[in-house]
Amino acid sequence: MKKYILNILIVAGVLAGASSCKGFLDTVPTDSVVAKTAMATLYDAGIVVNGLYTDIKYYNYYGRDLMYMGDMRADNLYPRVIGGQSATIYTLEYDSEANTYFNLWSNLYTTIMRANTLIANIEALEVGSSSEIAKKNDYLGQAYAVRAFAYHDVARLYGYPYLKDNGASLGAVILTEPTAPSEAKLPRSTVAETYAQVIKDIEAALPLLSKSKNTGHFNYWAARLLQARVLLYKGDYAGAYTAAVDVVNNSPYSLVSNANYIDYWGHEGENETVLELIVTTQGDIDSDGGFYAMFHHLWFNDLNAGASVIPTKKWRELFKDTPNDVRAQMIAYDDPTTGVKKTGEYWLKKFVGNKDRGYTFRRNNPHVMRISEAYLIAAEAALETGKAGEASNYLNIIRKRADPDASNVTATLDLIQTERQKEFIGEGHRFFDIMRRGGTITRNMLVDEHDYAGTSQYKASFSWDYDKIVLPISSNERTIYPQLQQNPGYKE
C-alpha cells in the first residue's frame with residue numbers, strides 16, 4: 001500500500017483540520033507543508049504532537065458527543081425538552097440515511113491518520129543528546145497511545161461489546177500507515193482484531209513514554225490507565241487489575257480530598273487528573289466560546305447558558321440516603337421564582353469552567369481519565385479474580401473520599417457500578433459500563449416524568465442485543481468509501 005503524505009499545517013500549534021463534509025480518509029489540506037519538512041526539528045515535532053489532541057477535545061468528540069453517548073444514552077443525563085440532536089442520542093433514534101448529525105467516525109479517523117503520519121515520519125528526525133532521544137521517543141509514544149485511544153473509541157461506539165460475542169462483530173477499519181483514500185480499500189475488521197491493535201499500540205507506547213506529568217498529553221501513566229480500561233472492557237480482569245494497581249501505587253497522581261473535590265473541577269493539572277485535554281481561547285476550539293460544547297448545555301446559572309440537559313431523577317436519587325456525599329453538592333436547583341432560568345429543574349454544576357484561566361462554564365478541560373477510575377477498575381477486576389478483600393478496599397477508598405462518614409461495605413459488582421455512576425456523571429462512562437457487562441437500560445415515564453424515552457414510541461428497555469446500541473455508518477461515509485460494511489439493523 002503506497003504511503004500517503006498527510007500534510008500538516010504548523011499554524012497556532014495545531015494540525016490542519018479536516019472538513020466535516022469529507023470522508024474519513026479525505027483529509028488533505030490545500031495550503032500546507034508536507035510532514036517530512038514540517039518535522040525538521042524536535043520543536044516542529046512537538047507542534048505536530050500537540051495537533052494529535054485537537055480533534056479529541058472538539059465538541060464532536062470529547063467536548064460533547066462522546067460524553068453524550070456515554071451519559072445520555074444511559075440513565076445519567078437526558079434532554080430537558082424533546083427535540084434536537086440530544087434527543088436523537090437519548091432515544092437512540094438514529095437513521096443511517098439521515099445521519100448528518102454525527103461526525104464521530106470521520107473525527108476518529110482524522111485523529112488516527114494524524115497519529116499514523118507522525119509514526120511514519122518521526123523516525124527520520126535526527127537527534128543527538130540523550131534528552132533529545134527521550135523527547136523523540138516520548139513523541140512517538142504519544143502517537144501510539146493516541147491511536148490506541150481512538151481505535152478503542154471506534155470499537156465501543158461502532159462495535160458491539162467485546163464480551164457479547166468475544167469480539168466477533170464489526171469494528172474498525174485498521175489502518176496503521178498514512179494511506180491514500182483511493183488505495184485504502186480495506187473492509188472493517190472485527191472488534192477482537194480492533195482490540196488486538198489497541199493493545200499492541202499501548203504496548204508499543206509504554207516503553208517510549210515519559211513517566212513525568214505532562215498535562216494535556218499522554219504520558220506513561222495515562223497509557224497504563226488506558227490499558228487497564230481496555231482490558232476491563234475485554235474481560236481480561238487479571239491484566240486490568242495489574243495495570244490499574246500500578247497506576248494507583250506507583251504514579252504521581254492521587255485523589256483530591258473530600259474538602260477540595262468541588263473546587264477540583266475548576267483547576268487545571270490537578271494530581272487526580274491523569275489525562276485532561278487543554279481548552280484555551282487561543283486554541284483551535286469552538287470560536288464562539290464553547291457554545292456547542294456539552295458544558296454550555298448542562299449549565300443553568302447564567303442567562304446565556306444552554307440549560308437544555310439535566311441529570312436524571314435516578315442519578316439524583318442515588319444520594320437520597322447519603323446527603324453528606326460531596327457529589328450530592330453538584331446538584332443545584334433552578335427555582336421557578338428566583339432561579340436564573342426559572343425552570344424549576346435540578347441541574348448539574350460539576351463543570352464550573354477552568355478558573356485557573358479565568359473561564360466561565362463554557363470552557364472546561366475534558367477530564368478524560370482520572371485516578372479514581374484506576375481505583376474502581378482495580379475494585380471490579382479484583383472482584384472478578386477472587387480478590388474480594390482488595391476489591392472492597394479500593395471501593396471503600398472512593399466511597400470514603402466522597403463521604404468520610406460512609407461505612408465500609410463488602411464489594412459487589414452492583415456496588416462498584418453504582419459508585420462508577422455516582423463518580424463519573426458527565427464523563428462518558430455509564431452507557432458503556434452497562435453494555436460491556438450485558439446489562440439493561442430501562443426508561444420509565446411513570447417513574448420519572450422527564451424520562452420520555454420510556455414510552456411506547458421509543459425502545460424503553462434494551463440490552464446489548466438491541467441493534468442500535470451501536471452507531472450506524474452514515475450514507476455519506478459509505479458512498480465515499482464503499483468497502484465500509486454497515487452495522488446490523490441499519491439500511492445498507
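Quick notes on this one:
- Evaluated against (1) closer than 23 Å to G70 by Cα; (2) modelled with pLDDT of 95 or more; (3) of a type outside the set (D, E), N214 falls short on exactly one condition, (1).
- The combined condition, being over 18 Å from N364 (Cα atoms), modelled with pLDDT of 85 or more and buried (at least 24 other Cβ atoms within 10 Å of the Cβ), is fulfilled by Y90.
- For segment 81-124, a tally of residues being touching a residue at least 24 places away in the same chain (Cβ under 8 Å) and under 20 Å from A40 (Cα atoms) returns 11.
- Pairs, first over 14 Å from P79 (Cβ atoms) and in the same structural domain as R430 (by TED's automatic domain parsing) in segment 448-467, second of a type outside the set (F, W, Y) and modelled with pLDDT under 95, C-beta under 7 Å, six or more apart: none
- Filtered by the rule that a residue be under 24 Å from the mean Cα position of the chain (by Cα) and part of a loop (DSSP other than H, G, I, E, B), segment 454-484 gives S463, W464, D465, Y466, V470, L471, P472, I473, S474, L484.
- Taken together, the residues in segment 191-230 that are in contact with a Gly (Cβ under 8 Å, 6 or more places away or on another chain), outside any helix (DSSP H, G or I) and buried (at least 20 other Cβ atoms within 10 Å of the Cβ) amount to 2.
- Some residue of segment 282-301 being at pLDDT 90 or above, assigned to a loop (DSSP other than H, G, I, E, B) and over 14 Å from K350 (Cβ atoms): no
- Residue within segment 136-153 that is of a type in the set (D, E, K, R), in contact with a Gly (Cβ under 9 Å, 6 or more places away or on another chain), modelled with pLDDT of 95 or more and under 25 Å from L275 (Cβ atoms) present: no
- Flag for I434 being in contact (Cβ under 8 Å) with a residue 12 or more places away in the chain, in contact with a strand residue (DSSP E or B) (Cβ under 7 Å, 6 or more places away or on another chain) and not in a loop (DSSP other than H, G, I, E, B): yes
- The one condition in (1) among the acidic types (D, E); (2) part of a loop (DSSP other than H, G, I, E, B); (3) modelled with pLDDT of 95 or more; (4) over 20 Å from the mean Cα position of the chain (by Cα) that D321 fails to fulfil: (3)
- Of the residues making up segment 135-176, just one is over 25 Å from N50 (Cα atoms) and in contact with an Asp or Glu (Cβ under 7 Å, 6 or more places away or on another chain), namely G171.
- For segment 334-372, filtered to residues that are touching a Gly at 6+ places or on another chain (Cβ under 8 Å) and of a type in the set (A, V, I, L, M), the residue that is farthest from K213 (Cα to Cα) is L348.
- In segment 371-426, the qualifying residues are those that are touching a strand residue (DSSP E or B) at 6+ places or on another chain (Cβ under 7 Å) and either in a helix (DSSP H, G or I) or on the phi > 0 side of the Ramachandran plot (or both), and the one that is surrounded by the fewest Cβ atoms within 10 Å (Cβ to Cβ) is I371.
The values are calculated or read from the model by the stated rules, or taken from the named source; none is laboratory data. What you see is a predicted model; the values in this text were computed from it and never measured. Note: ideal-geometry Cβ built from the backbone for every residue, glycine included; neighbour counts use all protein chains shown.
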